[in-house]
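A short write-up of the structure that comes next.
The values are calculated or read from the model by the stated rules, or taken from the named source; none is laboratory data. Not measured: the values here are computed from a predicted model. Only protein heavy atoms, including side chains, enter the accessible area calculation; ligands, DNA and RNA are left aside. Shrake-Rupley method; radii C 1.70, N 1.55, O 1.52, S 1.80 Å.
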Amino acid sequence: MFPLPSVPRRTWTAVGALLLLAALTALVALPRTDRDASARQHGAPTEITDGGGIPWPGEGQATVTLEGSGQVLTHGAQRPVPIASLTKVMTAYVVLTGHPLRPGEEGPRIEVDPQAAHEAGVGGESTVVVTPGDRRTERELLHLLLLPSANNIARLLARWDAGSEEAFVRKMQRAARDLGMRDTTYTDASGIEPTTTSTAADQLKLAREAMRLPVLRDIVATRETTVPGVGRVANGNTLLGTSGVVGLKTGSSTPAGGNLLWAAKTDGTRLLLGAVLHQRANTTPAEGLTAALEASRTLIDGLRARPRTQGSEG
């Protein structure tokens with residue numbers, strides 16, 4: 001064999017530089033969709049940007065994020081306001097943290113106490129009729145908590161989990177602190193008290209964690225179901241199944257107005273998460289909820305229709 005001629009190191013350096021330049025040129029020359037796919041494979045998430053034109057609500061406050069982007073966009077003053085039944089997302093989160101369920105699992109049977117039965121239909125609250133002594137599974141009670149938004153079930157779950165609603169509320173507050181929800185105060189498990197307050201930005205932090213729990217994610221995507229001993233119950237979130245919406249929870253009262261914590265798919269895997277708070281406050285719960293649903297639909301549709309750019313997390 002003949003020996004290879006010696007090549008100066010500078011020559012190899014120049015060859016390497018030319019090869020690198022050729023590779024970069026080829027990437028830039030790719031069609032836009034191919035470049036986007038390459039960026040996603042290397043961890044550069046799709047972003048949403050607030051360059052104007054986002055159809056934010058005309059009142060109250062809102063916030064949105066595209067999962068994986070690292071971006072949170074907010075609108076309106078992020079000051080604590082009553083959140084009504086959005087509170088039940090934290091109630092469910094605390095219950096499932098302490099008593100986790102696997103997908104398809106029903107969980108332990110929980111006895112309906114006389115207090116939960118007595119509270120049904122009392123005081124104009126959102127409740128469901130239950131019979132004392134009946135034993136309902138944890139999953140069944142979570143359906144009653146999150147679909148028809150039953151206040152008496154929220155308090156029943158609180159007593160079952162912590163011995164008293166007061167002790168459970170302390171657990172809710174600790175969970176909020178652990179999630180970095182610094183502008184949130186929980187004073188009850190159902191949200192009936194106007195002293196339970198939060199911001200859209202804080203509720204978005206909770207939504208991110210809640211949607212990581214498969215059982216909770218499945219329940220909030222359910223339009224209606226049948227619970228033995230109670231009957232058929234429907235989800236108050238009428239956006240489900242439209243505009244890509246797959247959850248989360250409504251909340252309305254006179255002081256809170258209408259609120260919606262929502263999750264919507266942008267494609268097969270990505271989730272838009274958002275919160276719209278304090279719509280038509282100090283009117284009626286029905287008027288507020290209608291306004292929150294309409295404002296959320298407009299916001300979701302506007303975001304899903306926007307072109308999405310590439311960028312890194314941060």
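Each residue was assigned an accessible area with a 1.4 Å probe, and for Thr63 the value is about 0 Å².
Once the convex hull of the alpha carbons of region 68-188 is built, what does its volume come to per residue, in cubic angstrom?
On the way: hull volume 16.3 nm³, N = 121.
Taking the convex hull of the Cα positions in region 68-188, it is 134 Å³ per residue.
The lysines within cross-link reach of Lys265, meaning a Cα-to-Cα straight distance under 26 Å and a gap of 8 or more places when in the same chain, are Lys88, Lys205, Lys249.
Would you work out what percent of the accessible area of region 188-314, with all protein chains in place, is carbon or sulfur (probe 1.4 Å)? Write down the numbers at each step before the final one.
Details: 2510 of 4850 Å².
Carbon and sulfur together cover 52 percent of it.
The accessible surface of region 81-177, taken with every protein chain in place and a 1.4 Å probe, is 51 percent carbon and sulfur. Checking the a/c ratio against 1.5 first, then a/b against b/c, what shape does the Cα gyration tensor give for region 206-314? Because a/c hits 1.5 or more and a/b fails to exceed b/c, region 206-314 counts as oblate.
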